[in-house]
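The structure appears below as C-alpha cells.
The values are calculated or read from the model by the stated rules, or taken from the named source; none is laboratory data. The structure displayed is predicted, hence computed values, not measured ones. We place every Cβ from the backbone using ideal geometry, glycine too, and count neighbours over all the protein chains shown. The accessibility values were calculated without ligands, DNA or RNA, using every heavy atom of the protein model including side chains. Shrake-Rupley method; radii C 1.70, N 1.55, O 1.52, S 1.80 Å.
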Amino acid sequence: KITRQRLFAETLVRKGGECIALTGPSRIGKTSIAIALEQMMNPEASDDFLVRRPVVRLTCRNRGDRGTFSTKAFFLDALTTIKHPFYTVDGDDIAGNVEAIRRNDRETTASLEAVLENALQVLRTKYLVIDETQHLQYMTGGVQSALQMMEFFKTLAEKLDIVLIFIGAYPIVNVLQLSPHLLGRICTIEMQRYSSTDEEDLIRFQKVLNWYSKDVRFAKGVNGFGDWNRELFEGSLGVIGLLSAWIRNGMAEMLANGDDELTLKHMMSKRKESRFFKRNASRDR
C-alpha cells in the first residue's frame, strides 16, 4: 500500500524527461502496482487506439535468438500492446495472421521506433512504464546495445515530455547504471519484502495469512495459515507472490493425495529448496 502511494505521489511531482525506478524482489507485486496506476489514470475506453492514454505500460521480454532481448521484437510487442491498427495480429484468420507476422518481420527497427513515437504522441501519453527492465541486460549485442536502448528511452522521454517509469527486480540496477544521463534524473522506490525484524511487518504478514485462510478447510486443530506463521514466512522470504504460489501448490498436493483438509505436511512438501533461497539472497546483496 505504501509503495503504491509513493509511486502515485512521485508521478505528480516528476517533470517530463525524468525517471522513476520501482524495484524489489521478484513476485513482490511491482507489476500489480503498475496496473493500478494504469487503471487510475487511464479512461475506461483506453483499449481503443485513438483514445487518450496517459499511462502506457510496455513489458520487456526475451524473444530473440536463444533467449536474448531483441529491440525489434520489443517494438513489435509495444505496438501490439497499444493495439496499433497496422501492427496488431489478432483474430481467427490464421492465414491472415501469418501474413501479418511476415509483413511485420520485414519492417526495420528504425521504422518501428518512429511508429511507436508517433503512436505515443497520438495517445498523448505522459507516463511510459517499462516493466521487467532487467531483461535489457540480455540484449543481442551486449552492454553497448543495452546502453543504446536506455538512451533511446531518455531521448524519447525528453522529446515527448514523458516521465519514464522503470520497473524490475534488483538486477535492474545493472541496466540503469549503464546510462549516466539517466542516473541523475531517477527517483528510486524500493518495494520491500516483509521483514522478520520489524514487529509491524510481522503483524501485517499475519493479516495476509488470515486473508488467505478464508474458505480453506484445515486439519483438525488448525485455525488457519497463521498457525504456521514462522514456517510460511521462512519459506516465502516474506514475499507475497511466493507465498501465494506456495499456498496454491500446497492445495494442489492436498487434492493430488485425495485429501480434503490442508495440513502443514502438504505445505512443507512444496517448500522451495534451500538453494533457491541462497540464490535469491545473493541476488539481493
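Condition check ((1) open to solvent by 50 Å² or more (accessible area, probe 1.4 Å); (2) within 17 Å of Phe218 (Cβ to Cβ)) across all residues:
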residue: Glu231; (1), (2): yes, yes
residue: Ser236; (1), (2): no, no
residue: Leu242; (1), (2): no, no
residue: Arg248; (1), (2): yes, yes
residue: Glu261; (1), (2): yes, yes
residue: Lys272; (1), (2): yes, no
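Consider only pairs whose beta carbons are under 7 Å apart and that are at least six residues apart or on different chains; among these, list those whose first residue lies in the range 187-205 and is among the β-branched types (Val, Ile, Thr) and whose second residue is part of a helix (DSSP H, G or I).
Close Cβ pairs (under 7 Å, with a partner that is part of a helix (DSSP H, G or I)) amount to Ile189/Thr3; Ile189/Arg6; Ile189/Leu7; Ile189/Glu10.
For the range 114-148, what are the residues that are surrounded by fewer than 17 Cβ atoms within 10 Å (Cβ to Cβ) and either of a type in the set (Asp, Glu) or not in a helix (DSSP H, G or I) (or both)?
Glu117, Arg124, Thr140, Gly141
Out of the residues in the range 8-41 that are under 23 Å from Pro171 (Cα atoms) and of a type in the set (D, E, K, R), state the one that is modelled with the lowest pLDDT.
Ranking the candidates gives Arg27 first.
Restricting to the range 238-270, and then to whatever is over 27 Å from the mean Cα position of the chain (by Cα) and assigned to a loop (DSSP other than H, G, I, E, B), can you tell me which residue is nearest to Glu200 (Cα to Cα)?
Per the criteria, the residue is Thr263.
Between residues in the range 108-134 that are at positive phi and residues that are small (Gly, Ala, Ser), which pairs lie under 8 Å by C-beta distance while being six or more apart or on different chains?
The qualifying pairs are Glu132/Gly168.
In the range 181-227, what count of residues is obtained for those that are assigned to a loop (DSSP other than H, G, I, E, B) and either closer than 25 Å to Asp259 by Cα or open to solvent by less than 90 Å² (accessible area, probe 1.4 Å) (or both)?
19
With the checklist (1) open to solvent by 30 Å² or more (accessible area, probe 1.4 Å); (2) in contact with a helix residue (DSSP H, G or I) (Cβ under 8 Å, 6 or more places away or on another chain); (3) closer than 23 Å to Pro25 by Cα in hand, flag the one item Gly168 doesn't pass.
(1)
Which residue pairs have Cβ atoms closer than 7 Å, lie 6 or more positions apart in sequence or on different chains, and pair a first residue in the range 29-53 that is within 23 Å of Met191 (Cα to Cα) with a second residue that is modelled with pLDDT of 90 or more and part of a loop (DSSP other than H, G, I, E, B)?
Partner pairs satisfying both residue conditions: Gly29/Met191; Lys30/Gly24; Lys30/Met191; Met41/Pro54.
Return the only residue of Arg53, Arg57, Arg66, Arg103 being under 17 Å from the mean Cα position of the chain (by Cα) and either part of a strand (DSSP E or B) or basic (Lys, Arg) (or both).
Of Arg53, Arg57, Arg66, Arg103, the one residue that is under 17 Å from the mean Cα position of the chain (by Cα) and either part of a strand (DSSP E or B) or basic (Lys, Arg) (or both) is Arg57.
If you go through the range 1-23 one residue at a time, how many are touching a Ser or Thr at 6+ places or on another chain (Cβ under 8 Å) and over 20 Å from Thr125 (Cβ atoms)?
Summing the residues that are touching a Ser or Thr at 6+ places or on another chain (Cβ under 8 Å) and over 20 Å from Thr125 (Cβ atoms) in the range 1-23 gives 1.
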